[in-house]
Amino acid sequence: MLGIFHVTLTELLALHGGPGAVARLLEQAGLPAGTRFRIDTCYPDTDAERLLATAAQVLGLDAAALHRAYAAHAGAWALRVFPSFFELAPDSREFLRSQPRFAGLLDAGAQCAGPDPLPAGAPGPIEIETPAPDALRIRWRASPGLLALYRELLRWVVRHYRDVADVRMQVNGSGTGMVAIYDLSWIRFAGDTRRHERFETTAPDESPVPPAA
């Protein structure tokens with residue numbers, strides 16, 4: 001997984017728990033004190049999975065609450081750092097259809113900080129089908145603990161564009177061969193959304209994260 005996840009997750013902890021929360025995250029995840037992640041480096045999914053689970057403990061949140069908080073923070077970060085990705089897509093469906101292209105741009109030149117978590121010869125982590133004009137089917141291969149987080153990120157994208165869509169997840173396989181299938185069906189598109197706000201507005205189910213204990 002690209003280090004964007006690691007950078008934004010540690011930012012989230014620093015924002016709501018201060019430097020001490022980041023230090024506890026690294027310590028409890030078994031990483032050296034002062035570890036700094038890079039957005040242009042790929043890290044094993046298993047490391048990301050461990051960091052996510054540890055972050056929930058440090059902030060005192062259940063998994064679902066942490067996923068919502070992370071999606072809101074990472075989404076605002078992406079809008080600030082990569083605004084053109086959102087400006088190029090008129091709605092959430094087109095944005096999500098463009099994921100492989102965006103990922104290719106971000107992965108170009110990235111350095112690998114650990115072994116590839118996918119078996120040799122395995123297909124890429126994201127595969128997208130368009131079964132209907134107002135639907136997408138996304139297959140994502142990742143460590144088990146990350147699959148529900150990706151569903152929340154999909155929901156964030158839909159909310160950002162002010163569209164309405166049903167997002168369902170089905171998981172197949174086990175271990176590093178686990179694949180989640182996300183079926184998205186759009187109920188309503190907001191209209192012409194080619195010009196987007198640079199920062200996410202808080203949705204009703206995204207209450208602020210409480211400070212770490």
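Please label the shape of the stretch 1-90 as rounded, prolate or oblate, based on the square roots a ≥ b ≥ c of the eigenvalues of the alpha-carbon gyration tensor (a/c under 1.5 means rounded; beyond that, a/b larger than b/c means prolate, else oblate).
Details: a/c = 1.94, a/b = 1.52, b/c = 1.28.
It is prolate, given that a/c is not under 1.5 and a/b is the larger ratio.
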Mind ordering 20-29, 153-162 by average Cβ neighbours within 10 Å, highest first?
153-162, 20-29
Just going by the charge dipole of the stretch 7-93, with Lys and Arg at +1 and Asp and Glu at -1 on Cβ, which of His67, Gln57, Ser84 is farthest out on the positive end?
Gln57
Along Cα→Cβ, 7 Å out, is where each label goes; now give me the distance between the ones at Arg162 and Ile187 in nm to one decimal.
1.7
Among residues other than Gly60 whose Cβ falls under 15 Å from its Cβ, what is the net charge (Lys/Arg +1, Asp/Glu -1)?
+1
Can you give the accessible area of Ile128 in Å² (nearest 10), computed on protein heavy atoms with a 1.4 Å probe?
50
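Mind ranking 52-58, 32-38 by how tightly packed they are, going by the mean number of other C-beta atoms within 10 angstrom, highest first? Could the numbers behind the result be given before it?
Working: 52-58: 19.4, 32-38: 11.6.
Ranking, from highest mean packing down: 52-58, 32-38.
The values are calculated or read from the model by the stated rules, or taken from the named source; none is laboratory data. Computed from a predicted model, the values in this text were never measured in an experiment. Cβ: placed from backbone, ideal geometry, glycine included. Neighbour counts: every protein chain shown. With ligands, DNA and RNA removed, areas are computed over all heavy atoms of the protein, side chains included. Shrake-Rupley method; radii C 1.70, N 1.55, O 1.52, S 1.80 Å.
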